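Structure, as structure tokens:
The values are calculated or read from the model by the stated rules, or taken from the named source; none is laboratory data. It should be emphasised that the depicted structure is a prediction, and the values quoted were computed from it without experimental measurement. We place every Cβ from the backbone using ideal geometry, glycine too, and count neighbours over all the protein chains shown. Ligands, DNA and RNA are stripped out before the accessible areas are found, and what is left, the full protein with its side chains, is counted by its heavy atoms. Shrake-Rupley method; radii C 1.70, N 1.55, O 1.52, S 1.80 Å.
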Amino acid sequence: MALLVQKYGGTSVGSTERIKNVARRVAKYFTQGHELVVVVSAMSGETNRLIALAKEIQAHPDPRELDVMVSTGEQVTVALLAMALKELNIKAKSYTGGQVRILTDSAHTKARILKIDEDRIRADLEAGYVVVVAGFQGIDEANNITTLGRGGSDTTGVALAAALKADECQIYTDVNGIYTTDPRIVPEARRLKTITFEEMLEMASLGSKVLQIRSVEFAGKYKVKLRVLSSFGEDGEGTLITFEEDNNMEQAVISGIAFNRDEAKITILGAPDHPGVAYQILGPVADANIDVDMIIQNVSHDGTTDFSFTVNRNEFTNTMNILRDKILPHIGARDVIGGDKIAKVSLVGVGMRSHAGIASKMFRVLAEEGINIQMITTSEIKISVVVDEKYMELAVRVLHKAFDLDQAQ
């Protein structure tokens with residue numbers, strides 16, 4: 001017997017038939033004697049539909065009212081799942097985030113969880129109920145409905161597991177675990193039995209879309225056992241995200257390859273090379289709420305240097321305008337150039353700590369395929385390179401093979 005928190009995403013509850021399938025899966029665990037808290041997202045496409053409706057009224061919807069509106073998607077799903085469980089003669093109760101008292105800050109559309117009052121859930125579990133909770137939402141101190149941002153149901157599931165000290169938080173999605181890379185790019189990609197929180201954080205931040213990065217951070221902080229499973233296939237073991245490296249991880253130098261097409265590169269040519277220039281360039285960019293990823297400054301020549309950085313592709317035009325209008329005239333640089341046809345490819349693995357030569361092997365493999373590296377950044381367990389977008393899939397495939405990721409652990 002265990003206390004399990006299970007989270008089902010939008011595709012898992014995308015129709016009434018799929019909701020019935022989820023109910024049957026939950027009922028199976030319940031009849032085995034487990035205590036269950038189930039967190040669900042809105043039905044797939046529903047949140048987008050609600051946002052589109054709001055934009056028909058207001059081009060830039062009021063954040064408070066938008067939260068009131070989009071939170072109804074999950075309210076529908078929790079009620080339907082509770083009904084489906086009752087049809088299977090399972091005692092069930094549904095709750096919105098506000099009813100559970102998931103207390104958040106007041107940052108509408110991107111709120112953060114501050115505290116959860118778990119007393120009501122514990123009382124229901126002791127009374128033999130399956131508790132069904134709406135993901136993605138909470139309530140602030142003034143009783144305003146808030147939402148946690150895209151993918152926020154993952155964070156709700158992990159936060160409830162932390163508050164209840166659950167034995168495991170199981171994230172059910174449309175894939176049956178974490179893979180060495182995207183199987184749509186590399187058919188030989190292999191499901192990992194385990195991956196560390198550090199590696200999963202890197203994979204999530206580098207473009208792997210299986211888990212929301214905030215949920216992984218939350219799970220790591222509160223030591224919540226996290227498992228990714230498929231809600232469509234037969235029961236498997238999925239991928240367990242672990243706190244510590246096990247003994248076998250020494251052998252797996254690289255755990256996975258992440259990639260991200262949503263990148264744009266910008267270079268300021270002939271920037272004066274003296275203290276404070278980097279801040280003069282990036283300060284106004286940060287003030288516009290634009291996140292900068294990779295940064296490279298070249299060696300100084302004749303008192304000037306070239307300064308390159310990457311931003312999200314959606315922010316490329318805005319960033320170029322800021323640089324041309326506000327920064328170039330101010331610092332006296334020669335020009336600004338850029339392009340949004342680039343991609344980032346990253347190797348991730350805790351085994352890098354104890355293995356030399358990973359970077360040189362990566363560079364050699366790419367060179368043999370004629371793939372030029374434009375930028376490089378590294379951390380203790382990650383190496384990322386920027387390449388031309390048209391070479392991204394080739395780079396992922398050759399690196400996957402070169403580092404034996406198609407071989408069983």
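Which of the residues belonging to segment 29-59 are within 26 Å of GLY128 (Cα to Cα) and either of a type in the set (A, V, I, L, M, F, W, C) or open to solvent by 50 Å² or more (accessible area, probe 1.4 Å) (or both)? If the condition is that a residue be within 26 Å of GLY128 (Cα to Cα) and either of a type in the set (A, V, I, L, M, F, W, C) or open to solvent by 50 Å² or more (accessible area, probe 1.4 Å) (or both), then PHE30, THR31, GLN32, GLU35, LEU36, VAL37, VAL38, VAL39, VAL40, ALA42 are the ones that fit. Counted as qualifying within segment 1-93 are the helices (runs of 4 or more DSSP H) with 2 or more residues that are farther than 20 Å from GLN137 by Cα, namely 16-31, 46-57, 72-87. Scanning segment 271-321 for residues that are surrounded by 13 or more Cβ atoms within 10 Å (Cβ to Cβ) and either touching a Pro at 6+ places or on another chain (Cβ under 6 Å) or hydroxyl-bearing (Ser, Thr, Tyr) (or both) gives SER300, THR304, THR305, SER308, THR310, THR319. For segment 330-359, a residue qualifies if it is of a type in the set (A, V, I, L, M), under 18 Å from THR310 (Cβ atoms) and open to solvent by 20 Å² or more (accessible area, probe 1.4 Å), and exactly one does: ILE337.
Among the residues here, LYS401 qualifies as among the basic types (Lys, Arg), open to solvent by 50 Å² or more (accessible area, probe 1.4 Å), more than 23 Å from ARG313 (Cβ to Cβ) and part of a helix (DSSP H, G or I). Of VAL299, VAL292, all but one fail to be in contact with a Leu (Cβ under 9 Å, 6 or more places away or on another chain) and among the β-branched types (Val, Ile, Thr); the exception is VAL292. Residues in segment 263-275 that are assigned to a strand (DSSP E or B) and either under 25 Å from ARG191 (Cβ atoms) or free of Cβ contacts under 8 Å to residues at least 12 places away in the same chain (or both): there are none.
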